[in-house]
Amino acid sequence: MIRSFLSRGALAAGVLFALAAPALAQQSKPAPKPAAAPAKPAAGAKPAAAPTEQGPFLLATFGDWGVYASDTANGRVCYALSQPKERLPKELKRDPGFLFISTRPAEGVRNEISIITGFPTKDNAPGDFAIGSTTYKLVQKGNSAWLGNPAQDPAAIETMKKGSTLTTKTVSGKGNVTTDRYSLNGLGQALDRIKKECP
């Protein structure tokens, strides 16, 4: 069964993409210098209220995967994020691509696979998600793709943990077949960290 793009697809991908852009930028910036210690509050003063939303922020990097979190009014959202190591055809212009594995405890979502293609896809066109000789079918909408059968996400992730590379094939709105190759180095450690951050 094709998942509901509105409830589990387009909305989640849009939020994750918005979170990923600034978070990725953090990786390339040098660590900021520690700020001076804040002044001690006056006796009897109440501490400032904590913000209801914070992030996204990078928690850790394992191999080619980053672990990010965002604290929202509905609770913490965690995700592992990676970018393609190779994109074909090379001459095709597109925005950055991302592969996410997200966990949103407040929604009962754990280890959901999402792809941001970086270009408008041919809606509902079939695609491939391959780890070695194991292939899963993708469905596409907008600039995103997901496994056609969401019940296969857990099995796909277990296969990913044992693999070294993952290849996705999608179709652009203009009919171009595109291939992205991702490294799976560090994925297992990244998912272990997510379990701790988003139990």
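Here are the numbers for the structure shown:
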| item | result |
| --- | --- |
| Alpha carbon centroid spacing (whole Å) that separates region 132-194 from region 51-80 | 21 Å |
| Convex hull of Cα atoms in region 128-192, direction-averaged projection (nm²) | 4.6 nm² |
| Volume per residue of the C-alpha convex hull in region 74-199, rounded to whole Å³ | 103 Å³ |
| Cα-based shape type of region 121-160, given that a ≥ b ≥ c are square roots of the gyration tensor eigenvalues and the cut on a/c is 1.5 | prolate |
| Gain in span if fully extended, R94 to K162, counting 0.36 nm per residue against the direct Cα distance | 21.5 nm |
| Unsatisfied cross-links (Cα-Cα over 26 Å) in the set K162/K196; K161/K196; K85/K162; K90/K137; K169/K195 | K169/K195 |
| Extended-chain gain in nm, criterion 0.36 nm per residue less alpha-carbon gap, T61 and D128 | 21.4 nm |
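Laboratory data are not the source of any read-out in this text; all were calculated from the coordinates shown. Predicted, not measured: the structure shown is a model, and the values here were computed from it.
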